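Okay, so here's the structure we're looking at.
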Amino acid sequence: MMKAENKTKITFPSYSANESFARGAAAAFLARYDPTVPQLADIKTAVSEAVTNCIVHAYPESVGDIAMTIAMYPGRKLRIVIADQGIGIPDVEKAMQPLYTTGNPEERSGLGFAVMQSFMDTVKVTSHPGRGTRVVLNKTLTVRG
């Protein structure tokens, strides 16, 4: 991967109120790149899903840190990494299947990863049980016409 043109990293506790903070921080970082309104909405939704997964699943009985790194690379290639040091995902492939959830099925749709995949160019998930999970969201921003 080339060197980032611009990058930031923020860390925040896994309180549900911080999901909107993460969305806002991503939007603020991206403002100078003038993404289209639909692109910005897609990115904010994907960030929201990834952060919500950390809040709900990574730290089910406690509060822990979530780290979000946002970087822009040459060619308007955006990479957002959302990582936790939570309980981890034993079977990432299974967890990424639509409708699969480890949460309460009455409250959780199990569509988080599917939503992320529909809004981003690529989504890569790595996880180690007991050590945490890392979600990498990639999207190339188009230039406004």
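The values are calculated or read from the model by the stated rules, or taken from the named source; none is laboratory data. Fair warning: this is a prediction, and the values are worked out from it, not measured in the lab. Backbone-built Cβ (ideal geometry, glycine too); neighbour counts: all protein chains shown. Heads up: the accessible areas ignore ligands, DNA and RNA and are worked out on the full protein's heavy atoms, side chains in. Shrake-Rupley method; radii C 1.70, N 1.55, O 1.52, S 1.80 Å.
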## Note on the structure
Descending accessible area (1.4 Å probe), largest on the left, turns Lys44, Lys7, Lys77 into Lys7, Lys77, Lys44
### Message
Eigenvalues of the Cα gyration tensor times 5, then square-rooted: what semi-axes does that give for the chain, in whole angstrom, largest first?
### Response
25, 16, 14
### Query
Tilt of helix 18-30 relative to the longest C-alpha principal axis of the chain, in degrees (0 to 90, nearest 10)?
20
### Message
Straight-line reach only, C-alpha to C-alpha below 18 angstrom: list the aspartates and glutamates that Lys77 could link to, leaving out same-chain residues fewer than 8 apart.
### Response
Glu5, Asp34, Asp42, Asp121
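Under the rule of -39500 (n - 2.57) per DSSP H run of 4 or more residues, summed and divided by the residues of the chain, what mean residue ellipticity at 222 nm is obtained, to the nearest 500 deg cm²/dmol? Let's see the in-between values first.
Numbers: 4 runs with 42 residues, N = 145.
Result for the chain: -8500 deg cm²/dmol, rounded to the nearest 500.
For the full complex of protein chains and a 1.4 angstrom probe, list Glu5, Glu61, Glu49 by accessible area with the highest value first.
Details: Glu5 115, Glu61 170, Glu49 55 Å².
Most to least solvent-accessible, the answer reads Glu61, Glu5, Glu49.
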### Query
To the nearest 10 degrees, how steep is helix 37-53 against the longest Cα principal axis of the chain, on a 0 to 90 scale?
30
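For segment 1-80, what is the convex hull (Cα atoms) projected area averaged across all directions, in square nanometres?
Numbers: hull surface 21.1 nm².
Here the figure is 5.3 nm², rounded to one decimal.
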### Test item: Cα-centred dipole of the chain, Lys/Arg +1 and Asp/Glu -1 on Cβ, debye
720
### Query
Any idea which of Val143, His57, Ser20 is furthest toward the positive side of the dipole for the chain, if Lys and Arg beta-carbons carry +1 and Asp and Glu beta-carbons -1?
Val143
